[in-house]
Amino acid sequence: MLGCVFQTPRLLPWRTVRQNVALVLPKARRNDGTAERWLAAMGLEAVADEYPARLSGGMARRVALARAFAVEPGLLLMDEPFVSLDEPTAQRMRALLATMLERSPATVLFVTHNLREAIQLADRILVMAPGPTRVAAEVPLETPRALRDDALVERVRAELLSRPDPAFRLLA
């Protein structure tokens, strides 16, 4: 199964929050509580019957995340999924993604401009060069995700930014 989180939430305005999440589920699972469980995980159970126009940008983004996670994807494509969230909420969503991946491993292609976020979540970082677009550098991250505290993330970040290779100047 494929899950996608775009830069903009892409919610259907004529469907409620619950209906937007349930839409991606097979018919047999649309009423089994899956949508409600993911809305609760995102802190959105109180707005399940609202329409997207009544949501803040951050709430709409969390609905999009719930929709992507609900299908239990084998491949998850994420394009700056936490960009418009306040930092405490973004941190909670990153932790939820990490927990989800521990329970149900998936391949994730995650686009971000946030180096700390990449270090927190990735198994490897690909630094892309501007046009012609190509991989300018690859950085494997050996430390298990669960052991990457703020101090380690900051150490790795500082080390990457201090590298003389021009690819790492793109990260600053």
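The values are calculated or read from the model by the stated rules, or taken from the named source; none is laboratory data. Quick caveat: nothing in here was measured; it's all calculated off a predicted structure. When the accessible area is computed, the model is the full protein with side chains, heavy atoms only, and any ligands, DNA or RNA have been set aside. Shrake-Rupley method; radii C 1.70, N 1.55, O 1.52, S 1.80 Å.
Summarising the amide proton neighbourhood of Glu50: residues at separation of 5 or more, or on other chains, whose placed amide H is nearer than 5 Å comprise Val17, Arg18. Backbone geometry of segment 94-99 corresponds, through the Karplus equation with coefficients 6.51, -1.76 and 1.60 at θ = phi - 60°, to 3J(HN,Hα) couplings of 5, 5, 5, 4, 4, 5 Hz, x marking Gly and Pro.
Given the choices (1) 52, 45, 29; (2) 53, 32, 28; (3) 44, 42, 30, Cα extents along the principal axes in Å derived from the coordinates of this structure is entry (2). Between amide H atoms placed 1.01 Å from N, distances below 5 Å from Val5 occur with Leu77, Met78, Asp79, all of them 5 or more places distant or on a separate chain.
Out of the total accessible area of segment 67-137 (probe 1.4 Å, heavy atoms of protein only), what percent is carbon and sulfur? Accessible surface attributable to carbon and sulfur in segment 67-137 totals 57 percent.
Expressed to the nearest 5 percent, the antiparallel share of DSSP beta bridges inside the chain is 40 percent.
On a per residue basis, segment 1-160 carries 55 Å² of accessible surface, using protein heavy atoms and a 1.4 Å probe. The string of couplings for segment 101-107 from the Karplus curve (6.51, -1.76, 1.60, θ = phi - 60°) is 5, 5, 6, 9, x, 8, 8 Hz, one whole number per residue in order, with x for Gly and Pro.
Across the chain, the relative contact order, built from alpha-carbon pairs under 8 Å that are at least six residues apart, equals 21 percent.
Overall size of segment 63-146 from C-alpha positions, given as principal axis extents largest first: 35, 27, 23 Å.
If you take the alpha carbon atoms of segment 7-83 and fit the smallest convex hull around them, that volume is 84 Å³ per residue. Kirkwood analysis of the Cα pair distances in segment 124-172 returns a hydrodynamic radius of 11.8 Å.
Helical runs assigned H by DSSP (4 residues or longer) give the chain a calculated mean residue ellipticity at 222 nm of -11500 deg cm²/dmol, each run adding -39500 (n - 2.57) before division by the residue total.
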